[in-house]
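Working notes, structure below.
FYI, it's all coordinate maths here, none of it is from the lab. Computed from a predicted structure; not experimentally measured. Positions of Cβ are generated from backbone atoms using ideal geometry, with glycine treated the same way; all protein chains shown enter the neighbour counts.
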Amino acid sequence: MRKVFKRASGGIWHHVNKNNHRSFLHPVVKWPPAPRAASGCKAQLLPVVNNKWALPGRSARLRTPMLLPPLSSRLLPGLPRHCSSTQPAFLRETGAQRIIHMHKMIRKITYSLGRHLPTVACGTTQVRRFLHGAYVRIQPFVQEALMKGRPVVALESTIITHGMAYPQNLSMAREVEEIVTTNGAVPATVGILRGRIHVGLTDEELQFLASSKNVVKVSRRDLPFVLSQGLSGGTTVSGTMIIAHKAGIPVFVTGGIGGVHRGGENTLDVSADLTELGRTPVAVVSAGVKSILDIGRTLEYLETQGVCVAAFGESREFPAFFSRQSGFHAPYHVRDEEEAAELIASALGLGLSSGVLIAVPCPQERAASGQVIEEAIQQALGEARSKGITGKELTPFMLQKLNELTDGKSLDSNLALIQNNARVGSCIAVALSKLQKARRKGHLPQQKDTAPPQPVVIGGINIDFIAKAQNPVILGGGQTNAGRVRRTFGGVGRNLADCLSRLGQTPLFLSAVGKDEHSESVLHYCHHMDMSAVLQLEGKSTATYCAVITSAGELSIGLGDMDIHHQITEQYVSQFKENLCQAPLVCIDGNVPLSTIQYVCQLAREHQLAVCYEPTDENKASKPFLSDSWKALTYISPNLQELRAINRTLGNPLPAELPSSLEDVVQTAVALACPLLAHLHCVVVTLGAHGILLCGKSLGGSISLCSGAHEQTAAASLCATHYPAIHISREEIVNVSGAGDSLMAGILAGMLAKHDTDTCVRMGLLAASLSLRSYEPISPAISTSSVSQEQVKSRSWPEVKVWKMD
């Protein structure tokens with residue numbers, strides 16, 4: 001018998017529940033709670049650090065959990081040993097006392113497992129990996145603004161670290177952030193401190209960057225080295241664009257972008273800003289290209305890179321940073337922030353993967369004379385050549401020299417254009433935010449979406465590492481055990497959304513993951529699903545389960561981290577109230593917090609929504625039944641153990657023990673489902689190898705899955721219909737973890753397609769049979785052709801039996 005185990009709440013080990021949901025074929029068996037330290041004891045078990053699991057090397061030992069004393073003197077990973085109390089508070093880490101040997105052992109296990117797994121997120125760049133886990137920190141005020149859809153403006157930090165002297169650079173940075181805030185947006189200055197990317201800086205962090213001497217100028221090419229060495233630096237236009245895009249910030253304000261240097265046709269000195277604009281979809285608001293560059297060749301290069309360039313205002317004149325005129329024209333122009341927002345929205349909507357450059361001229365009253373600037377540039381260039389200054393050191397040298405040669409006029413213009421860009425950029429961000437919200441709400445008749453409303457699925461996502469030993473006994477003592485290791489992507493909600501998507505009913509999926517390597521993999525794997533609303537939370541771990549089992553299926557060691565499911569909160573889900581109220585079906589699983597389930601049930605009651613509750617496991621099955629919330633549900637899909645748990649919560653009579661023969665199983669299921677049908681439309685009882693029992697109101701011998709079909713019909717009676725499972729030999733069964741979810745998703749997909757009840761149930765049975773033969777919880781073979789009305793009609797099916805429940 002194949003067995004898989006998972007951990008449920010309260011330290012209980014469940015037999016078969018591999019992907020945070022119950023099995024389709026086997027009952028749930030409880031295991032004893034994991035050992036814990038006694039109250040007051042210093043020994044303790046602690047969670048995983050840095051969002052990583054388990055263990056290096058071929059000599060990884062598979063041990064039972066151990067209680068070890070905390071190591072109060074050990075530093076956190078990545079914290080320099082020379083940190084002192086004299087350093088700023090944000091550079092010091094706390095909580096080192098919580099690291100213990102048990103945690104190190106678990107880290108090594110997952111590392112060992114991961115070495116044997118195929119890479120799922122192929123083609124993922126190194127930079128994307130840097131933006132997860134320990135490498136990035138998004139300030140809470142920026143994270144909150146992004147979650148609520150408020151306008152956010154990204155700001156670079158090279159202008160702070162290399163563009164101006166201290167303390168003028170600090171006052172400028174503070175003033176720019178204030179301008180952004182005053183104009184209705186949230187400033188997010190991007191910088192790197194001690195090898196960690198920061199999106200949004202505190203005043204203390206701004207002071208650190210502004211006053212530090214040995215900081216690096218960080219572009220795309222520099223990111224890996226700077227982060228790996230724990231250095232600090234200011235991000236250039238290129239570096240800031242990358243980070244802003246990954247953080248979900250579409251508008252970025254800077255002074256001026258880099259370009260083709262004068263003489264670049266010989267030196268090939270071309271700024272990385274230009275190539276970044278050609279491959280990163282962020283709108284850059286700047287005063288054009290720095291005057292010290294070859295503006296004509298820069299515009300040509302931008303055209304080659306496919307960058308949409310537009311001057312801001314009534315003229316197409318392309319600004320030259322300090323000066324309003326450059327002698328060149330932009331390809332296009334936008335008159336105001338609304339037109340700029342329309343342009344950016346169109347670029348983002350097309351998915352071109354290239355940026356937009358909005359060129360804003362310096363205010364007339366503070367612009368420098370083009371002739372004066374050009375004369376100073378020529379003199380500064382000559383001095384740079386004589387001193388051998390090239391590369392990324394050239395621009396800071398030129399700006400400083402221009403300031404000297406123009407008696408501060410260039411610096412005055414520089415400050416004026418930066419402030420003006422901040423005002424214009426924040427107004428564009430506000431206009432873009434309003435435009436995007438209006439389009440989401442369908443307020444624009446000319447772009448009205450005529451597609452039918454999406455179903456909505458709310459539930460968990462899991463990453464599972466399952467290692468099955470080849471031999472009956474797992475050897476200890478650091479020896480390597482032969483076996484098979486697999487990583488799969490599960491979670492009840494994810495499985496339902498996955499299967500529905502493969503069957504042409506792509507739902508909006510609401511869930512939560514961390515910002516770590518696991519989330520990167522699962523988001524890539526789920527590219528066929530609508531994952532646009534899934535929360536990615538900084539500092540949280542994607543739900544992960546790691547198990548080592550013997551060849552007989554007995555659990556040797558297992559660990560699970562499911563805490564992130566608590567982040568699927570009522571506040572988060574309520575942001576999608578309109579989607580919920582319009583959805584033809586809402587599915588919710590038992591991983592979701594009770595308050596969120598009650599919120600969905602309240603909406604269902606107020607708006608007559610069809611809601612399907614997937615109980616997940618015996619411990620979580622009763623969540624809606626702790627109050628009257630369950631009476632607003634339409635469908636539930638428990639197995640016999642979960643159905644008994646629900647009745648226990650309601651105080652209904654229970655059988656002394658659960659039967660095994662089909663006839664007795666059906667009688668018990670009918671007795672337990674009957675009291676629920678006073679309020680629920682349909683109860684789908686999964687019976688493992690026995691198939692399913694559909695309980696509901698019947699008219700003329702048929703139970704309708706469409707809610708409301710028989711509600712007002714006095715002649716309707718309660719019936720139970722048994723559908724036998726498709727026979728699969730034990731040798732064919734590869735994975736039982738997702739079959740139940742495939743079954744229910746197939747039924748719901750048929751219902752949404754308005755098929756008759758028999759067809760819906762048999763579509764579910766077809767989907768379940770495919771997943772049983774797949775290593776993945778939801779078989780990739782499931783599609784609209786393999787699971788369809790035509791496939792149902794082409795097969796012969798065993799006889800269906802009907803029992804009256806009245």
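Side notes on the structure shown:
- Site pair Arg366 and Leu594 shows an inter-label distance of 5.8 nm when each label is modelled 7 Å from Cα along Cα→Cβ.
- Amide H to amide H distances under 5 Å link Val216 with Ser232, Gly233, Gly234, where only residues 5 or more positions off or on other chains count and H is placed in the peptide plane.
- Stretch gain in nm, segment Ser228-Glu175, where the contour uses 0.36 nm per residue and the Cα spacing is subtracted: 15.9 nm
- On the beta carbon distance between Gln378 and Ala438, with R0 = 45 Å, the FRET formula returns roughly 0.35.
- At an R0 of 35 angstrom, the distance between the Cβ atoms of Thr182 and Arg605 translates into a FRET efficiency of 0.20.
- The stretch 289-389: C-alpha gyration tensor shape, a/c 1.5 cut-off, then a/b vs b/c: oblate
- Residues whose amide H comes within less than 5 Å of that of Val152, counting only those at least five positions distant or on another chain, are Val186 (H built at 1.01 Å from N in the peptide plane).
- Relative exposure of Glu365, Glu178, Glu776, Glu570, judged by other C-beta atoms within 10 Å (fewest first): Glu365, Glu178, Glu570, Glu776
- Theoretical gain in end-to-end length, Cys581 to Thr480 [0.36 nm per residue, Cα-Cα removed]: 30.9 nm
- Largest-first principal axis extents, alpha carbons of the stretch 130-213, Å: 36, 32, 17
- Long-range amide H partners of Leu537 with built H, under 5 Å: Val513, Gly514, Lys515
- Length added when fully stretched, Asp336-Lys804, from 0.36 nm per residue minus Cα-Cα: 161.5 nm
- With bins 10 Å wide beginning at 0, the percent of Cα pairs of the stretch 559-643 falling in each bin runs 18, 52, 27, 3, 0.
- Taking label positions 7 Å along the Cα-Cβ direction at both Gln789 and Ser729, the computed distance is 3.5 nm, reported to one decimal.
- Positive-pole candidate from Ala145, Val430, Leu274, dipole of the stretch 132-437, charges at beta carbon: Ala145
- The stretch 497-629 shape via C-alpha gyration tensor axes, a/c threshold 1.5: prolate
- Counting DSSP beta bridges with both ends in the stretch 456-804, the antiparallel % (nearest 5): 55 percent
- Volume of the Cα convex hull of the stretch 471-551, divided per residue and given in Å³: 120 Å³
- Charge context of Thr189, other residues only, Cβ under 9 angstrom, K/R +1, D/E -1: -3
- Share, in percent, of DSSP beta bridges within the stretch 132-437 that are antiparallel, nearest 5: 30 percent
- Volume per residue that the Cα convex hull of the stretch 132-437 spans, once the total is divided by residue count, Å³: 120 Å³
- Sorted by Cβ neighbour density within 10 Å, fewest at the top, the residues Leu435, Leu640: Leu435, Leu640
- Calculated FRET efficiency, Glu300 to Ala781, Cβ-Cβ distance, R0 = 51 Å: about 0.50 to the nearest 0.05.
- Each label was represented as a point 7 Å from its Cα along the Cα-to-Cβ direction; for Ser353 and Thr569 these points are 3.6 nm apart.
- Net charge dipole size for the stretch 456-804 [Lys, Arg +1 and Asp, Glu -1 on Cβ; Debye, nearest 20]: 460 debye
- Order by protection proxy (mean Cβ within 10 Å, highest first), peptides 737-750, 460-473: 737-750, 460-473
- Convex hull projection area averaged over all views, the stretch 456-804, Cα basis, nm²: 18.6 nm²
- Summing Cβ point charges (Lys, Arg +1; Asp, Glu -1) relative to the Cα centre of the stretch 132-437 gives a dipole of roughly 780 debye.
- C-alpha center-to-center spacing [the stretch 273-337, the stretch 642-693] in angstrom: 68 Å
- Here's the picture: charge each Lys and Arg Cβ at +1 and each Asp and Glu Cβ at -1 in the stretch 132-437, and of Val186, Asn421, Val215 the one pushed furthest to the positive end of that dipole is Val215.
- Listed residues Thr480, Leu510, Ile703: farthest to the positive end of the dipole of the stretch 456-804 (Cβ charges): Ile703
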